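S.K.: Dropping a structure here in structure tokens format, bear with me for questions.
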Amino acid sequence: MNPLLNLISLLGIAGLCTIAWLGSENRGVIRWKVIAWGIGLQLCIGLIVFVFGPQLVEGLSTFLNAILDASEAGARFLFGGPNSVLVSDPNFAAGPGPAGRWIARAIGTPYVAVPGDRIGPDNINPGFTYILAFRALPQVIFFAGLISLLYRLNIIQPIVQLFARIFQKTMGISGAESLAGAANIFVGIESAIAIKPYLLDMTRSELCAILSSCFGSIASSVLALYAGFLRPTFPTITGHLVSASIMTIPACFVLSKLLVPETEEPKTMGGVPQDPEEDLEQRPNPMDSLIGGALDGVKMAVGIAAALIAILGMVALINLLFSSLASLADSQVIILQPLGNVFQVITLQNILGALFLPLTFLTGVSLNWAELWQASVLIGRRLLETNIPPYQALAQLNATGGISDRAMLIVSYVLCGFTHFASYGIFVGGLSSLIPTRSSEVSALGLKALWAGTLATLMTGCIAGVFDFGNPMVFGK
């Protein structure tokens, strides 16, 4: 524990607000109530999560982890089995039996990792390959169906209304944007459907706030995807991702209102509108809701897979160009050698890491240069590569002890958001389709909202940094 890092995290909150204000459309308009209450709500949630209620987070994680484990049942049925390397049977150990393993060690070195070893006290590798498409993406499908079912049973709506009223009463924002922000804790751009009747008459500032909350939080359908990477070494990560998603919504309102201040009078300032009522005869039954949600999850899973294939391929292609230029260091032409030396360290990930380095420092992640740079690269990679490769890399670093607990905690909070270019088309296109007459205005606000969402996730990382006192219970240890 280093109190200086906690102080940097606290000052980082003010620093991020200042950065947003410098890029404001109208620096003369500052809504102090939104800023004060927005930051205050985050600090209150931080106190509960890290100081007063680590047991609550641990209990929430245990509950959600049980659901995550259940979500693998379908994938194991389709792709698993005792001989599968796609989705392993947890009760089956592939490879040579006990006698074969004894012989391998007897005639070899004292310890040789062989296929079939199970995770145990000696942390032997289980020998199964983790394949994203067959392990993580089916969980997206399951959670999409589960959330759709919970909406049909009217279990989620009261929770959304509660959060919406808290946001509206404390920060003094309009009821419609409060409702959309609260819904974003559970869903993505679908949250805008709840306020569709009000979208056409919304102010520019309201539209920016709605888009920012879409970028800044994660939908419940991808919760399992991100949690699955870190669960083996960070048992309570699921609860922390939920708290991060809640915590980021007030931050999105704070930063979006600094970037695009409210200069008009929103029509829903008086209170939170109710969710639109569906015709009882047209409402799907619970089973139809479950299947329909799962089918939507299939589209999402395919979209995630397609985005990863396309984006990571382009990143590799650009890095191939850089590596080709780096090979000039061995060129016979002396004048080209300095150019090659420069590109020895230039990759797309390093460029993004350099751009995000000052922002990463503001989170108070570390005073160690190597770890600070490592964290900055992970956070920067999200912009192009989506959250998935950075979370995988973070999990690998954590498993090998290559990153401190504090850095892992803060980076996992910062990465919890849809602030990448792959989501830009989804959110901007989705909102534009609901109000086609204002599509050009929505497109113009898209990049501002992406910037606000990015700063909001960094602010959430600052909150985690402020309250990280090295308590092992926070990490489920």
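S.K.: Please list, ordered by residue number, the helices (runs of 4 or more DSSP H) wholly in segment 398-472 having 3 or more residues that are acidic (D, E), closer than 18 Å to R382 by Cα and open to solvent by 50 Å² or more (accessible area, probe 1.4 Å). Walk me through it before giving the result.
M.R.: Numbers: elements: 405-414, 421-434, 439-466.
Hits in segment 398-472: none.
S.K.: So in segment 19-58, with the set limited to residues that are assigned to a loop (DSSP other than H, G, I, E, B) and either touching a Leu at 6+ places or on another chain (Cβ under 8 Å) or charged (D, E, K, R) (or both), which one is nearest to S243 (Cα to Cα)? Spell out the reasoning first.
M.R.: Just the residues of segment 19-58 that are assigned to a loop (DSSP other than H, G, I, E, B), to begin with: 23-31, 53.
Those still in the list that are either touching a Leu at 6+ places or on another chain (Cβ under 8 Å) or charged (D, E, K, R) (or both) too: 23-25, 27, 30-31.
Values: G23: 28, S24: 28, E25: 31, R27: 31, I30: 27, R31: 25 Å.
Among residues in segment 19-58 that are assigned to a loop (DSSP other than H, G, I, E, B) and either touching a Leu at 6+ places or on another chain (Cβ under 8 Å) or charged (D, E, K, R) (or both), the one nearest to S243 (Cα to Cα) is R31.
S.K.: Follow-up. As an exercise: evaluate P284 against (1) in a helix (DSSP H, G or I); (2) in contact (Cβ under 8 Å) with a residue 40 or more places away in the chain and give the number of the one condition it does not meet.
M.R.: (1)
S.K.: Right, something else. Filter segment 350-361 for residues that are open to solvent by 40 Å² or more (accessible area, probe 1.4 Å) and under 18 Å from L458 (Cβ atoms) and give the result.
M.R.: From segment 350-361, those open to solvent by 40 Å² or more (accessible area, probe 1.4 Å) are 350-351, 354-355, 358, 361; that's our starting set.
Matches in segment 350-361: A354, L355, P358, F361.
S.K.: Could I ask something else about it? Please go through segment 189-219 and pick out each residue that is of a type outside the set (A, V, I, L, M, F, W, C) and open to solvent by less than 10 Å² (accessible area, probe 1.4 Å).
M.R.: The initial filter retains those residues of segment 189-219 that are of a type outside the set (A, V, I, L, M, F, W, C), namely 190-191, 196-198, 201, 203-206, 212-213, 216-217.
Correct list: S191, T203, S205, E206, S212, S213, G216, S217.
The values are calculated or read from the model by the stated rules, or taken from the named source; none is laboratory data. Everything numeric in this text was worked out from a predicted model, so none of it was measured. FYI the Cβ positions are ideal-geometry reconstructions off the backbone, even for glycines, and counts take in every protein chain you see. Keep in mind that these areas ignore ligands, DNA and RNA; they rest on the heavy atoms of the full protein, side chains included. Shrake-Rupley method; radii C 1.70, N 1.55, O 1.52, S 1.80 Å.
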